[in-house]
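Visitor: Okay, here's the structure, questions in a sec.
Quick note: the coordinates plus some simple rules give every number you see, no bench work behind them. Keep in mind it's a predicted model, so treat the numbers as computed, not measured. Neighbour counts are summed over all protein chains in view; Cβ atoms, including those assigned to glycine, are modelled from backbone coordinates with ideal geometry.
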Amino acid sequence: MIKYIQVKTILNTVKGSDDWFGLKYNLNLYRGCTHRCIYCDSRSECYQIENFDHDIIVKENALELLQKELPKKRVRGTVGFGSMNDPYQHIEKKLNMTVRALEIMREWDMPVHLITKSNLVLRDIRILKEIGKIYSAVSFTITTGITLMPVLPFITDTEDNIISIVEKAKEYGAKYIIPAFGMTLRDRQRAYYYDRLDEKFPGLSDKYRAKYKNYYSAGAPGYKKLSKVFYEKCAELGILTKIPKYNAGIGIQGTLF
Ligand code: SF4
């Protein structure tokens, strides 16, 4: 179901430093996410998003607020699209909220980082390249079988998988890959994930419970070895393992990954 709401503010300043993406501000035009990744951390209780998978809430006055709030920001810094949901929801094709927000970013010369799993981002490549004269980066999430590794015997060639992922990324021109060897697990997000696992593999969640208890960070088994393989391969192929962040005066044009 699509719902429309009015919000009071739209551009949130990131507290502290964002080591992953170097964001200064966060922008979420929608609430909820129709991509429905079963491991999504945005289902956690702290984010207070009810019906995460079924309702898309459109912040109807978001663009109007953005036009007002952006000129008041004293510090130019990277605006992150997609921290709590994918900025390319299915409804984006019709509503064009993300592309219009990008136009506002271009108007005010604001650097942008965008994270997505949708190829709808290709629609906006031209404008992202224009913003790239200041700074723009697009990161694509690639989910692997590593989160299922603890108990699925048929995933045996994971080191080879890692090598082939890095090689493919190189082939397609990726400049960076930020690795995460595992996933997060907490409260209702954990419960949702375990339910989905049990639908496909009855009883599998019991093995997770035994292994990860109430931990928030669930590292993939053998992640030290896997990360060694990953970093060595990236070094060999010249792929960065951190995102090149916006630095005033330095523009990185059209950075992908
Ligand atoms: S695309 Fe991102 S925000 Fe959306 S469900 Fe998947 S992990 Fe969650």
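Visitor: List pairs: first in region 35-51 and farther than 11 Å from GLN189 by Cβ, second near the ligand (Cβ under 7 Å from one of its atoms), Cβ under 8 Å, 6+ apart or cross-chain?
Guide: Hits for this filter: HIS35/ASP86; HIS35/LYS117.
Visitor: Tell me yes or no: at least one residue of region 187-203 is under 26 Å from the mean Cα position of the chain (by Cα) and closer than 23 Å to LYS228 by Cα. Quick ask: steps written out before the conclusion?
Guide: Here is the first cut: in region 187-203, the residues under 26 Å from the mean Cα position of the chain (by Cα) are 187-200.
Subsequent filtering for residues that are closer than 23 Å to LYS228 by Cα retains none.
Checked against the condition, which is being under 26 Å from the mean Cα position of the chain (by Cα) and closer than 23 Å to LYS228 by Cα, region 187-203 yields no hits at all.
Visitor: Something else now. Failed condition for GLY16, given (1) touching a residue at least 12 places away in the same chain (Cβ under 8 Å); (2) away from the ligand (no atom under 16 Å from the Cβ); (3) out of contact with any His (no Cβ under 8 Å at 6 or more places or on another chain); (4) not β-branched (Val, Ile, Thr), with all others met?
Guide: The one condition GLY16 does not meet is (1).
Visitor: So for region 54-71 (the condition being within 17 Å of the chain's Cα centre (by Cα) and within 16 Å of the ligand (Cβ to nearest atom)), does at least one residue qualify? Step through it out loud before you land on a result.
Guide: Taking region 54-71 and keeping what is within 17 Å of the chain's Cα centre (by Cα), we get none.
No - not one qualifying residue is present in region 54-71.
Visitor: Turning to a different aspect of this structure: Within region 192-214, which residues are over 23 Å from ILE115 (Cβ atoms), surrounded by 13 or more Cβ atoms within 10 Å (Cβ to Cβ) and not basic (Lys, Arg)?
Guide: TYR194, LEU197, ASP198, PHE201, LEU204, SER205, ASP206, TYR208, TYR212
Visitor: Another question about this same structure. Of all residues in region 56-67, how many are surrounded by fewer than 16 Cβ atoms within 10 Å (Cβ to Cβ) and more than 14 Å from ARG100 (Cα to Cα)?
Guide: Counting residues in region 56-67 that are surrounded by fewer than 16 Cβ atoms within 10 Å (Cβ to Cβ) and more than 14 Å from ARG100 (Cα to Cα) gives 0.
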